[in-house]
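Single-structure report; data block below.
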Amino acid sequence: MELTAVGKRYGRRERWILRGVDLAVGPGELVRIAGRNGSGKSTLLRLVAGIERPSTGRVARPGPAAYVPERFPPALPFDAASYLLRVGRVHGLSAERARRRAGELLDRFGVADRAGTPLSRLSKGTCQKVAVAQALLPEARVLLLDEAWTGLDPEARAVLDEAAAERAAAGGTVLFVDHDPARLAGLTSAAYRVGTDGVLRPVEDGVPEPAAGGPVMEVEVDVPDGAPLPTALPGAPEVTALAGTAVRLAVPAAHSDALLRRLLLGRPAVRVLAVRRREEGER
Ligand SMILES: Nc1ncnc2c1ncn2[C@@H]1O[C@H](COP(=O)(O)OP(=O)(O)OP(=O)(O)O)[C@@H](O)[C@H]1O
């Protein structure tokens, strides 16, 4: 995927949102786009998606892009499963494969029981899961995630982390915007910032470490056969044994997504039983 000397403004008399953007992202790369509110991050992703046309310069992509927009339009007259089936068909999947992928994704996000619910009647969180599922469904060469984690519950955020990492590992090109500076930390191959001047610059200092102190998240997992937990878990969790083969891991909230991702991706495979915020004064 390559942008060459891309400039964008929404009208001849309007200001330039992006200027002289050169960006090449290869297969297997996972790239973060940062920047202040209104700096042009979504505009950049929409240009890569082909939804917007550049005012100057060129955008080249290896194939159709899959895209989770910042705002998903749920007012479509379909239920979740038939909407996903249509998305799959548009991307050239057979009806059988599209149906199977839709079922797998709804299941993975824990909303298989909502397959027959009209999009207009889904809760905001479930709707966001459908928005994410429609982008993951086609296994496109380019995946664009515009604050796609916002509105998801912690388990679903971890599933999306995992899915984004899988897409890159399978040779996809993944670009994402997220307000959490620790999002996909350790998996990101590069980060860029859109400046207030519209220029895209590499972020040299990488991903800042979340601050210690503050809110704590508790993740309870069941480790089959009482196998040892993976070592060097994010956030250096405090581990408490619970009944049977269950354990509770407590980490600063800023590390909880990374911890869940590592637990879900790691070996031994663990089952997440609960994720909750530790109340003040509780231990
Ligand atoms: N379709 C449009 N027509 C006119 N102006 C637009 C359009 N889309 C975005 N803009 C303007 O372009 C600028 C950049 O918007 P954009 O949504 O790309 O920024 P962003 O960095 O994604 O912001 P946020 O972090 O708030 O989502 C803003 O000033 C916005 O008002």
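Considered as a group, the residues in region 33-45 that are under 22 Å from Gly63 (Cβ atoms) and touching a residue at least 40 places away in the same chain (Cβ under 8 Å) include one that is nearest to the ligand (Cβ to nearest atom), and that residue is Ser42. Only one of the numbered conditions (1) more than 16 Å from the ligand (Cβ to nearest atom); (2) assigned to a loop (DSSP other than H, G, I, E, B) is not met by Val221, and that is (2).
Looking at this structure, is Pro138 at pLDDT below 95 and open to solvent by less than 30 Å² (accessible area, probe 1.4 Å)? So Pro138 passes the test. Restricting attention to region 63-84, which residues are open to solvent by less than 40 Å² (accessible area, probe 1.4 Å), at pLDDT 85 or above and touching a helix residue (DSSP H, G or I) at 6+ places or on another chain (Cβ under 7 Å)? Listed by number, the residues that qualify are Ala65, Ala66, Tyr67, Val68, Ala80, Ala81, Tyr83, Leu84.
If you check Ala115, Ala98 for being open to solvent by less than 60 Å² (accessible area, probe 1.4 Å), over 26 Å from Glu29 (Cα atoms), more than 16 Å from the ligand (Cβ to nearest atom) and more than 20 Å from the chain's Cα centre (by Cα), only one passes: Ala115. Gly92 meets all of the listed conditions (1) open to solvent by less than 60 Å² (accessible area, probe 1.4 Å); (2) at positive phi but one, namely (1).
Looking only at region 237-276, how many residues end up being without any contact (Cβ under 8 Å) to a residue 24 or more places away in the chain and touching a helix residue (DSSP H, G or I) at 6+ places or on another chain (Cβ under 8 Å)?
To start, the set of residues in region 237-276 that are without any contact (Cβ under 8 Å) to a residue 24 or more places away in the chain comprises 237-245.
Those left that are additionally touching a helix residue (DSSP H, G or I) at 6+ places or on another chain (Cβ under 8 Å): 237, 245.
Number of matching residues: 2.
Scanning region 1-16 for residues that are open to solvent by 20 Å² or more (accessible area, probe 1.4 Å) and near the ligand (Cβ under 9 Å from one of its atoms) yields Arg9, Tyr10, Gly11, Glu14, Arg15. Scanning region 27-47 for residues that are open to solvent by less than 20 Å² (accessible area, probe 1.4 Å) and in contact with a Ser or Thr (Cβ under 8 Å, 6 or more places away or on another chain) yields a count of 3.
When the residues of region 185-202 are filtered to those that are away from the ligand (no atom under 15 Å from the Cβ) and touching a strand residue (DSSP E or B) at 6+ places or on another chain (Cβ under 8 Å), which remaining residue is farthest from Thr173 (Cα to Cα)?
Per the stated criteria, the residue is Pro202.
The values are calculated or read from the model by the stated rules, or taken from the named source; none is laboratory data. Predicted model, so just to flag it, every value in this text is computed and none were measured. Quick reminder, even Gly has a Cβ in these numbers, built from the backbone with ideal geometry, and neighbours come from all protein chains shown. For the accessible areas, the whole protein counts, side chains as well, though only heavy atoms, and no ligand, DNA or RNA atoms are used. Shrake-Rupley method; radii C 1.70, N 1.55, O 1.52, S 1.80 Å.
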